[in-house]
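Visitor: Pasting a structure here, questions to come.
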Amino acid sequence: MRKTLILTGASRGIGRALALELAKAGYDLVLNARSEAPLRGVAEEAQALGARVAHVAGSAGKAEVAEALVEKAAGLGNFFGYIHNAGVLHPGPLLYEVAEALFMEVLEANLIAGYQLARFAYPLLRRQGEGLAVYVGSGAAETNLPGIGAYAVAKAAEEHLARQLATEVPEVACLVYRPGVVETEMQRQAHEAQGSAAPVLQRVFRGYKEEGLLLTPEEAARALVRLLPKARQYHGKTASWRDA
């Protein structure tokens, strides 16, 4: 029987690649991103691969958006869980220089959206006695690189959120997936960052590319899809693309 998953951050990068790989693997999908037009385009691509697909545009950090995602997933049938891939970086300034609105946007996309998804999905998943919750994390959660402080704080909290859920609700396989260093829009933003920490940030991120360390979004997505059938093994833990 086909399983239905919610996927956030689905309009580009790893999210778009995940939507297509999940569709190929036989999952039905409810896709989310903040921008309607590119999200609709990815939904059409996934449908062409044989998946039943719905989509909801808007920030999953807003309760009404997260609730709509879960309602649509339940409506498609056999709702099995979610992959929270959405994220915002806003690189360049030192942490104390980041404008309040930008700091809150980073927290909303990475952390608050993860909470809102759990808030509406977990009651259903717990009632059925099984399910899946994947939080796309980052090595930034354990480092202190100038220029991405808000993102690092948000990712550390998001990963802790996943481990907390795993402890509280063992019926739902909950894990953190770190995709590695991937060639995405965030990479471009870091290369072009402005602000006090920009020189350090640019040097580090350009080094990834020059040293050939970058994965493609497709490689990162395929690794996660290969891990999903073994999700229970990583419950409460952190998996990486290497584990696939």
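Visitor: Name the single residue, out of those in segment 135-152 being crowded, with 18+ Cβ neighbours inside 10 Å, closer than 24 Å to ALA221 by Cα and of a type outside the set (Gly, Ala, Ser), that is nearest to the chain's Cα centre (by Cα).
Guide: To start, the set of residues in segment 135-152 that are crowded, with 18+ Cβ neighbours inside 10 Å comprises 135-138, 140-141, 146-152.
Narrowing the set further to residues that are closer than 24 Å to ALA221 by Cα leaves 135-138, 140-141, 148, 151-152.
Subset that is of a type outside the set (Gly, Ala, Ser): 135-136, 148, 151.
On the way: TYR135: 6, VAL136: 4, ILE148: 17, TYR151: 13 Å.
Here the residue is VAL136.
A quick yes/no check of all residues on (1) in contact with a helix residue (DSSP H, G or I) (Cβ under 8 Å, 6 or more places away or on another chain); (2) at pLDDT 95 or above; (3) assigned to a loop (DSSP other than H, G, I, E, B); (4) surrounded by 24 or more Cβ atoms within 10 Å (Cβ to Cβ):
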position	(1), (2), (3), (4)
LEU20	yes, yes, no, no
VAL30	yes, yes, no, yes
ARG40	no, yes, no, no
GLU45	yes, yes, no, no
ALA54	yes, yes, no, no
ALA66	yes, yes, no, yes
LEU107	yes, yes, no, no
ASN110	yes, yes, no, yes
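Visitor: Six or more apart or on different chains, Cβ under 8 Å: which pairs go from a residue in segment 1-15 that's free of Cβ contacts under 8 Å to residues at least 40 places away in the same chain to one that's among the charged types (D, E, K, R) and assigned to a loop (DSSP other than H, G, I, E, B)? Could you list them?
Guide: SER11/ARG34
Visitor: Then there is this: Please state which of the following conditions LEU132 fails to meet, knowing it meets all the rest: (1) buried (at least 18 other Cβ atoms within 10 Å of the Cβ); (2) part of a helix (DSSP H, G or I).
Guide: Failing condition for LEU132: (2).
Visitor: Looking at segment 154-161, is at least one residue modelled with pLDDT of 95 or more, touching a Phe, Trp or Tyr at 6+ places or on another chain (Cβ under 7 Å) and within 22 Å of SER35 (Cα to Cα)? First the steps, then the outcome.
Guide: At the first step, the residues of segment 154-161 found to be modelled with pLDDT of 95 or more are 154-161.
Keeping just the survivors that are touching a Phe, Trp or Tyr at 6+ places or on another chain (Cβ under 7 Å) gives 158-159, 161.
Subsequent filtering for residues that are within 22 Å of SER35 (Cα to Cα) retains none.
For segment 154-161, residues modelled with pLDDT of 95 or more, touching a Phe, Trp or Tyr at 6+ places or on another chain (Cβ under 7 Å) and within 22 Å of SER35 (Cα to Cα): absent.
Visitor: Restricting attention to segment 140-184, which residues are in a helix (DSSP H, G or I) and in contact with a Lys or Arg (Cβ under 6 Å, 6 or more places away or on another chain)? First the steps, then the outcome.
Guide: Initially, segment 140-184 is screened for residues in a helix (DSSP H, G or I), giving 140-142, 149-168.
Those that are in a helix (DSSP H, G or I) and in contact with a Lys or Arg (Cβ under 6 Å, 6 or more places away or on another chain): ALA140, ALA141.
The values are calculated or read from the model by the stated rules, or taken from the named source; none is laboratory data. The structure displayed is predicted, hence computed values, not measured ones. As a convention, Cβ positions derive from the backbone with ideal geometry for all residues, glycine included, and neighbour counts pool all protein chains shown.
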